[in-house]
Amino acid sequence: MSEAPATPAQPGYDTGEPRARLIALFGLLTLAFLAIVILGLQAYVDYALQRQVFVRQLEPVSQDLRELRAREDAELNSYGYRDREKGVVRIPIRQAMELVIREKGGQDAR
């Protein structure tokens, strides 16, 4: 006659309790790893930003820029002709500002 199939002693899956400590440890290690990665990336971004600030603003001025500023200073602080034929002259900027202030002061007194 026919016998009934034998049932296995254990089912085909894990019937035990989950390992809560192992899961918690894995979660904490993952969070710690992510925190380290985020802090490392932030430090790199800060370094790169400081480097860009140095390159764009604090880097020594080029020789061409120094020459341009010297020419501008010379033109702002010296006498010269703008148009010799028409008699248009250039005076130092400080003196020109004083003349404008005197003119404005004279107009206000009227």
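The values are calculated or read from the model by the stated rules, or taken from the named source; none is laboratory data. This one's a predicted model, so the numbers in the text were calculated from it and none came from an experiment. Note: ideal-geometry Cβ built from the backbone for every residue, glycine included; neighbour counts use all protein chains shown.
Residues that are among the hydroxyl-bearing types (Ser, Thr, Tyr), at pLDDT below 80 and over 24 Å from the mean Cα position of the chain (by Cα) do not occur anywhere in the range 24-32.
Selection over the range 20-70 of residues that are among the charged types (D, E, K, R) and exposed (fewer than 10 other Cβ atoms within 10 Å of the Cβ) gives a count of 4. The residues in the range 73-87 that are assigned to a loop (DSSP other than H, G, I, E, B) and in contact with a helix residue (DSSP H, G or I) (Cβ under 8 Å, 6 or more places away or on another chain) can be counted, and the count is 1.
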